[in-house]
1. Just how large is the dipole of chain A about the Cα centre, in debye to the nearest 20, putting +1 at every Lys and Arg Cβ and -1 at every Asp and Glu Cβ?
2. Could you tell me what % of all Cα pairs in segment A:1-116 have separations over 26 Å?
3. For segment A:73-161, which semi-axes, largest first and in whole Å, follow from the square roots of 5 times the eigenvalues of its Cα gyration tensor?
4. Probe of 1.4 angstrom, ligands and nucleic acids ignored: what's the accessible area per residue over segment B:3-77, in square angstrom?
5. To the nearest 20 Debye, how big is the dipole of segment B:3-77 about its Cα centre, given +1 on the beta carbon of each Lys and Arg and -1 on that of each Asp and Glu?
6. Do any residues of segment A:155-190 show a loss of at least 20 square angstrom of accessible area between the isolated chain and the full protein assembly, using a 1.4 Å probe, and if so which?
7. What FRET efficiency, computed as 1/(1 + (r/R0)^6) with R0 = 45 Å and r the Cβ-Cβ distance, is obtained for residue B:9 and residue A:142, rounded to the nearest 0.05?
8. When the dipole is taken about the Cα centre of segment A:36-171, and only Lys, Arg (+1) and Asp, Glu (-1) are charged at their Cβ, what size is it in debye, to the nearest 20?
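The values are calculated or read from the model by the stated rules, or taken from the named source; none is laboratory data. These numbers were taken from a predicted model, which means no experiment stands behind them. In this analysis, Cβ positions are derived from the backbone assuming ideal geometry, glycine residues included, and neighbour counts consider all displayed protein chains. Note: accessible area is taken over every heavy atom of the protein model, side chains too, but ligands, DNA and RNA are not part of it. Shrake-Rupley method; radii C 1.70, N 1.55, O 1.52, S 1.80 Å.
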Amino acid sequence: MEFLGLRNKKILVTGASSGIGKETCQLLSSIGADIYITGRNMERLEELRDNCKNVKQLIAADLTDDDSIESLVDSIPMLDGVVNCAGIIFPFPVKFIGEKHISSVFRINFNSQVILNSMLFRKKKIQKSASIVFVSSVSSQFPYEGGALYTSSKAAIEAYSRATALEYAKYSIRSNVVSPGLVKTKIFEKTMEASSKEELENYEKNYPLGYGDPIDVANSIVFLLSARSRWITGQNIILDGGLTLGSK
Amino acid sequence: MEIEVFLGKIKAEFNEDYDTGDLGLDDNIKNMEWWSSMHALVIIALIDTEYDVMLEPSQMKSANTVRELFTLINNIKG
(Lines give C-alpha, C1' and ligand atoms only; values in the text may rest on other atoms or scores of the structure.)
Protein backbone atom coordinates (compact mmCIF):
# COMPACT_ATOMS: atom_id res chain seq x y z
CA MET A 1 0.00 0.00 0.00
CA GLU A 2 3.09 2.28 0.05
CA PHE A 3 2.26 2.53 -3.63
CA LEU A 4 -0.31 5.16 -2.69
CA GLY A 5 2.12 7.30 -0.71
CA LEU A 6 -0.38 8.45 1.91
CA ARG A 7 1.67 7.55 4.99
CA ASN A 8 1.59 10.47 7.46
CA LYS A 9 -0.53 12.52 5.09
CA LYS A 10 -3.13 14.49 6.99
CA ILE A 11 -6.68 13.73 5.90
CA LEU A 12 -9.95 15.19 7.23
CA VAL A 13 -12.98 12.91 6.89
CA THR A 14 -16.49 14.24 7.54
CA GLY A 15 -19.39 11.87 8.15
CA ALA A 16 -16.84 9.46 9.57
CA SER A 17 -19.11 7.76 12.07
CA SER A 18 -20.67 5.29 9.65
CA GLY A 19 -20.87 3.87 6.17
CA ILE A 20 -18.51 5.11 3.47
CA GLY A 21 -16.86 7.67 5.79
CA LYS A 22 -16.05 5.05 8.41
CA GLU A 23 -14.77 2.58 5.83
CA THR A 24 -12.56 5.28 4.30
CA CYS A 25 -11.06 6.04 7.73
CA GLN A 26 -10.30 2.39 8.34
CA LEU A 27 -8.63 2.06 4.96
CA LEU A 28 -6.63 5.28 5.42
CA SER A 29 -5.54 4.13 8.86
CA SER A 30 -4.37 0.80 7.47
CA ILE A 31 -2.03 2.57 5.07
CA GLY A 32 -0.63 4.96 7.67
CA ALA A 33 -2.42 8.23 6.91
CA ASP A 34 -3.08 10.61 9.81
CA ILE A 35 -6.83 10.98 10.11
CA TYR A 36 -8.93 13.82 11.50
CA ILE A 37 -12.52 12.74 11.90
CA THR A 38 -15.81 14.49 12.45
CA GLY A 39 -19.38 13.28 12.45
CA ARG A 40 -22.74 13.42 14.15
CA ASN A 41 -22.53 10.39 16.40
CA MET A 42 -19.80 10.91 19.02
CA GLU A 43 -20.17 7.43 20.45
CA ARG A 44 -19.49 5.85 17.08
CA LEU A 45 -16.63 8.29 16.39
CA GLU A 46 -14.98 7.31 19.68
CA GLU A 47 -15.41 3.67 18.76
CA LEU A 48 -13.76 4.37 15.41
CA ARG A 49 -10.88 6.17 17.11
CA ASP A 50 -10.38 3.18 19.41
CA ASN A 51 -10.21 0.85 16.41
CA CYS A 52 -8.06 3.00 14.12
CA LYS A 53 -4.58 3.64 15.41
CA ASN A 54 -4.03 6.63 13.15
CA VAL A 55 -6.97 8.78 14.20
CA LYS A 56 -5.11 11.89 15.35
CA GLN A 57 -8.07 14.02 16.30
CA LEU A 58 -11.76 13.55 16.83
CA ILE A 59 -13.70 16.78 16.37
CA ALA A 60 -17.25 17.16 17.56
CA ALA A 61 -18.82 19.50 15.04
CA ASP A 62 -22.28 20.34 13.89
CA LEU A 63 -21.71 20.96 10.21
CA THR A 64 -25.05 22.73 9.95
CA ASP A 65 -23.67 25.48 12.19
CA ASP A 66 -21.16 27.95 10.72
CA ASP A 67 -19.50 28.68 14.08
CA SER A 68 -19.02 24.98 14.65
CA ILE A 69 -17.42 24.63 11.23
CA GLU A 70 -15.07 27.52 12.01
CA SER A 71 -14.04 25.90 15.31
CA LEU A 72 -13.36 22.68 13.47
CA VAL A 73 -11.22 24.40 10.86
CA ASP A 74 -9.28 26.31 13.54
CA SER A 75 -8.54 23.10 15.44
CA ILE A 76 -6.92 21.11 12.65
CA PRO A 77 -3.50 21.36 10.99
CA MET A 78 -2.75 21.94 7.29
CA LEU A 79 -4.37 19.12 5.34
CA ASP A 80 -3.23 16.94 2.46
CA GLY A 81 -6.73 15.74 1.79
CA VAL A 82 -10.41 16.20 2.61
CA VAL A 83 -13.11 13.57 2.23
CA ASN A 84 -16.65 14.96 2.37
CA CYS A 85 -18.89 12.07 3.34
CA ALA A 86 -21.47 13.82 5.51
CA GLY A 87 -24.90 13.65 3.97
CA ILE A 88 -28.50 12.56 4.27
CA ILE A 89 -30.96 10.80 2.03
CA PHE A 90 -34.44 12.27 2.03
CA PRO A 91 -36.87 10.64 -0.37
CA PHE A 92 -39.80 12.97 -1.03
CA PRO A 93 -42.24 13.28 -3.93
CA VAL A 94 -41.85 16.33 -6.17
CA LYS A 95 -45.25 17.92 -5.60
CA PHE A 96 -44.89 18.05 -1.80
CA ILE A 97 -41.48 19.73 -1.70
CA GLY A 98 -41.44 22.95 0.31
CA GLU A 99 -38.84 25.37 1.63
CA LYS A 100 -38.26 23.42 4.85
CA HIS A 101 -37.51 20.24 2.90
CA ILE A 102 -35.11 22.03 0.55
CA SER A 103 -33.34 23.63 3.50
CA SER A 104 -32.98 20.42 5.48
CA VAL A 105 -31.44 18.49 2.58
CA PHE A 106 -29.27 21.22 1.09
CA ARG A 107 -28.03 22.39 4.48
CA ILE A 108 -26.29 19.06 5.01
CA ASN A 109 -25.64 17.77 1.51
CA PHE A 110 -24.50 21.07 -0.03
CA ASN A 111 -24.27 24.19 2.18
CA SER A 112 -22.24 22.63 5.00
CA GLN A 113 -19.76 21.05 2.60
CA VAL A 114 -19.33 24.25 0.64
CA ILE A 115 -18.88 26.33 3.79
CA LEU A 116 -16.39 23.84 5.28
CA ASN A 117 -14.23 23.58 2.17
CA SER A 118 -14.36 27.28 1.41
CA MET A 119 -13.35 28.04 4.99
CA LEU A 120 -10.49 25.54 4.79
CA PHE A 121 -9.20 27.47 1.78
CA ARG A 122 -9.73 30.87 3.35
CA LYS A 123 -7.87 29.87 6.51
CA LYS A 124 -5.09 28.30 4.45
CA LYS A 125 -5.60 24.81 5.78
CA ILE A 126 -5.24 23.09 2.40
CA GLN A 127 -1.69 22.18 1.34
CA LYS A 128 -0.53 22.64 -2.22
CA SER A 129 -1.04 19.36 -4.13
CA ALA A 130 -3.82 18.37 -1.73
CA SER A 131 -6.80 16.37 -2.90
CA ILE A 132 -10.46 16.97 -2.08
CA VAL A 133 -13.07 14.28 -2.60
CA PHE A 134 -16.84 14.65 -2.45
CA VAL A 135 -19.28 11.78 -2.25
CA SER A 136 -22.15 12.29 -4.67
CA SER A 137 -24.48 9.67 -6.09
CA VAL A 138 -25.07 8.03 -9.43
CA SER A 139 -28.64 9.23 -9.00
CA SER A 140 -27.63 12.81 -9.82
CA GLN A 141 -27.41 11.65 -13.43
CA PHE A 142 -29.79 8.69 -13.29
CA PRO A 143 -32.56 9.83 -10.94
CA TYR A 144 -35.13 7.72 -9.14
CA GLU A 145 -38.71 8.52 -8.16
CA GLY A 146 -38.83 10.45 -4.91
CA GLY A 147 -35.21 11.54 -5.26
CA ALA A 148 -35.65 15.09 -6.57
CA LEU A 149 -34.17 16.86 -3.56
CA TYR A 150 -31.38 14.39 -2.86
CA THR A 151 -30.27 14.17 -6.48
CA SER A 152 -30.42 17.95 -6.89
CA SER A 153 -28.21 18.45 -3.84
CA LYS A 154 -25.71 15.95 -5.22
CA ALA A 155 -25.71 17.59 -8.66
CA ALA A 156 -25.00 20.89 -6.92
CA ILE A 157 -22.00 19.51 -5.03
CA GLU A 158 -20.65 18.04 -8.26
CA ALA A 159 -20.76 21.50 -9.86
CA TYR A 160 -19.04 23.01 -6.81
CA SER A 161 -16.30 20.40 -7.06
CA ARG A 162 -15.66 21.19 -10.73
CA ALA A 163 -15.44 24.92 -10.07
CA THR A 164 -13.10 24.28 -7.13
CA ALA A 165 -10.93 22.10 -9.34
CA LEU A 166 -10.66 24.91 -11.85
CA GLU A 167 -9.88 27.65 -9.32
CA TYR A 168 -7.23 25.67 -7.44
CA ALA A 169 -5.48 23.81 -10.26
CA LYS A 170 -2.81 26.54 -10.18
CA TYR A 171 -1.79 25.18 -6.74
CA SER A 172 -2.02 21.57 -7.96
CA ILE A 173 -4.95 21.14 -5.58
CA ARG A 174 -7.42 18.68 -7.04
CA SER A 175 -11.13 18.24 -6.45
CA ASN A 176 -13.07 15.17 -7.55
CA VAL A 177 -16.31 13.36 -6.91
CA VAL A 178 -17.20 9.72 -6.52
CA SER A 179 -20.77 8.78 -7.41
CA PRO A 180 -21.78 5.44 -5.96
CA GLY A 181 -24.92 3.50 -6.72
CA LEU A 182 -26.63 1.68 -3.87
CA VAL A 183 -24.13 0.70 -1.20
CA LYS A 184 -24.99 -1.46 1.80
CA THR A 185 -24.76 1.12 4.59
CA LYS A 186 -27.00 1.97 7.54
CA ILE A 187 -28.53 4.81 5.50
CA PHE A 188 -29.30 2.33 2.75
CA GLU A 189 -30.96 -0.02 5.24
CA LYS A 190 -33.05 2.83 6.63
CA THR A 191 -34.12 3.96 3.18
CA MET A 192 -35.05 0.45 2.24
CA GLU A 193 -37.24 0.02 5.30
CA ALA A 194 -40.11 1.46 3.30
CA SER A 195 -39.64 -1.07 0.51
CA SER A 196 -40.80 -4.64 0.34
CA LYS A 197 -38.38 -7.56 0.08
CA GLU A 198 -39.70 -8.22 -3.42
CA GLU A 199 -39.00 -4.63 -4.51
CA LEU A 200 -35.47 -4.83 -3.12
CA GLU A 201 -34.72 -8.10 -4.87
CA ASN A 202 -36.14 -6.82 -8.14
CA TYR A 203 -34.17 -3.60 -7.90
CA GLU A 204 -30.90 -5.42 -7.27
CA LYS A 205 -31.35 -7.11 -10.64
CA ASN A 206 -30.49 -3.71 -12.13
CA TYR A 207 -26.99 -4.10 -10.70
CA PRO A 208 -25.00 -6.62 -12.76
CA LEU A 209 -22.41 -6.81 -9.97
CA GLY A 210 -24.98 -6.52 -7.16
CA TYR A 211 -25.20 -3.74 -4.58
CA GLY A 212 -21.89 -2.25 -3.46
CA ASP A 213 -20.11 -2.40 -0.13
CA PRO A 214 -18.60 0.68 1.55
CA ILE A 215 -15.09 -0.60 0.82
CA ASP A 216 -15.84 -0.43 -2.92
CA VAL A 217 -16.25 3.32 -2.58
CA ALA A 218 -13.47 3.80 -0.03
CA ASN A 219 -10.96 2.22 -2.43
CA SER A 220 -11.70 4.85 -5.07
CA ILE A 221 -11.68 7.69 -2.55
CA VAL A 222 -8.23 6.66 -1.32
CA PHE A 223 -6.99 6.45 -4.90
CA LEU A 224 -8.24 9.99 -5.54
CA LEU A 225 -6.52 11.19 -2.36
CA SER A 226 -3.22 9.69 -3.47
CA ALA A 227 -0.68 11.17 -5.86
CA ARG A 228 -1.41 8.23 -8.16
CA SER A 229 -4.38 10.27 -9.35
CA ARG A 230 -2.41 13.50 -9.64
CA TRP A 231 -3.58 14.18 -13.21
CA ILE A 232 -7.25 13.70 -12.36
CA THR A 233 -9.24 16.76 -11.32
CA GLY A 234 -12.78 18.04 -11.75
CA GLN A 235 -13.95 14.52 -12.49
CA ASN A 236 -16.78 12.31 -11.34
CA ILE A 237 -16.05 8.61 -10.97
CA ILE A 238 -19.17 6.45 -11.30
CA LEU A 239 -19.15 3.43 -8.97
CA ASP A 240 -22.31 1.50 -9.71
CA GLY A 241 -21.62 -2.19 -10.23
CA GLY A 242 -22.74 -1.79 -13.82
CA LEU A 243 -26.12 -0.16 -13.04
CA THR A 244 -25.79 2.45 -15.77
CA LEU A 245 -24.92 -0.10 -18.44
CA GLY A 246 -28.67 -0.34 -18.84
CA SER A 247 -28.95 -4.11 -18.76
CA LYS A 248 -31.50 -5.88 -16.55
CA MET B 1 -58.57 15.73 13.10
CA GLU B 2 -61.35 13.55 11.81
CA ILE B 3 -60.43 10.12 10.58
CA GLU B 4 -62.89 10.37 7.69
CA VAL B 5 -61.25 13.60 6.55
CA PHE B 6 -57.89 11.85 6.62
CA LEU B 7 -59.28 8.96 4.57
CA GLY B 8 -60.68 11.49 2.11
CA LYS B 9 -57.29 13.15 1.70
CA ILE B 10 -55.61 9.81 0.97
CA LYS B 11 -58.28 8.86 -1.53
CA ALA B 12 -58.04 12.26 -3.21
CA GLU B 13 -54.28 11.85 -3.47
CA PHE B 14 -54.51 8.66 -5.45
CA ASN B 15 -57.86 8.79 -7.22
CA GLU B 16 -56.45 10.50 -10.29
CA ASP B 17 -54.48 7.39 -11.15
CA TYR B 18 -56.31 4.60 -9.35
CA ASP B 19 -59.79 3.57 -8.30
CA THR B 20 -59.78 4.34 -4.59
CA GLY B 21 -63.55 4.43 -4.18
CA ASP B 22 -63.73 1.24 -2.13
CA LEU B 23 -60.80 2.02 0.15
CA GLY B 24 -62.00 1.76 3.74
CA LEU B 25 -60.50 2.67 7.08
CA ASP B 26 -59.47 -0.90 7.84
CA ASP B 27 -58.36 -2.06 4.42
CA ASN B 28 -54.69 -2.93 4.09
CA ILE B 29 -53.58 -0.25 1.65
CA LYS B 30 -50.38 -2.17 0.94
CA ASN B 31 -52.47 -5.01 -0.49
CA MET B 32 -53.87 -2.73 -3.20
CA GLU B 33 -52.65 -4.01 -6.54
CA TRP B 34 -51.22 -0.61 -7.45
CA TRP B 35 -49.28 -0.18 -4.19
CA SER B 36 -45.49 0.46 -4.31
CA SER B 37 -42.88 2.11 -2.10
CA MET B 38 -43.48 5.35 -4.03
CA HIS B 39 -47.03 5.42 -2.66
CA ALA B 40 -45.60 5.03 0.83
CA LEU B 41 -43.49 8.13 0.15
CA VAL B 42 -46.54 10.03 -1.05
CA ILE B 43 -48.41 9.19 2.17
CA ILE B 44 -45.41 10.22 4.30
CA ALA B 45 -45.25 13.53 2.39
CA LEU B 46 -49.01 14.06 2.58
CA ILE B 47 -48.97 13.56 6.36
CA ASP B 48 -46.04 15.95 6.71
CA THR B 49 -47.77 18.58 4.59
CA GLU B 50 -51.21 18.27 6.14
CA TYR B 51 -50.40 17.43 9.77
CA ASP B 52 -46.76 18.50 10.21
CA VAL B 53 -45.74 14.98 11.25
CA MET B 54 -42.78 13.34 9.53
CA LEU B 55 -43.04 9.58 9.76
CA GLU B 56 -39.92 7.43 9.74
CA PRO B 57 -39.88 4.75 7.01
CA SER B 58 -40.07 2.09 9.75
CA GLN B 59 -43.22 3.71 11.15
CA MET B 60 -44.76 3.78 7.71
CA LYS B 61 -43.90 0.14 7.29
CA SER B 62 -45.58 -0.81 10.55
CA ALA B 63 -48.91 0.87 9.68
CA ASN B 64 -51.04 -0.97 7.13
CA THR B 65 -54.45 0.70 7.27
CA VAL B 66 -55.71 4.26 7.23
CA ARG B 67 -56.91 3.76 10.79
CA GLU B 68 -53.45 2.64 11.91
CA LEU B 69 -51.87 5.65 10.21
CA PHE B 70 -54.40 7.94 11.85
CA THR B 71 -53.62 6.45 15.27
CA LEU B 72 -49.90 6.81 14.62
CA ILE B 73 -50.25 10.49 13.72
CA ASN B 74 -52.33 11.18 16.82
CA ASN B 75 -49.83 9.34 19.04
CA ILE B 76 -46.96 11.39 17.65
CA LYS B 77 -48.84 14.66 17.96
CA GLY B 78 -49.76 13.71 21.51
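1. Around 880 debye, computed over chain A.
2. 23
3. Here the semi-axes work out to 29, 14, 8 Å.
4. 50
5. It works out to roughly 280 debye.
6. A:190
7. Once rounded, the FRET efficiency stands at 0.90.
8. The calculated dipole for segment A:36-171 is roughly 440 debye.
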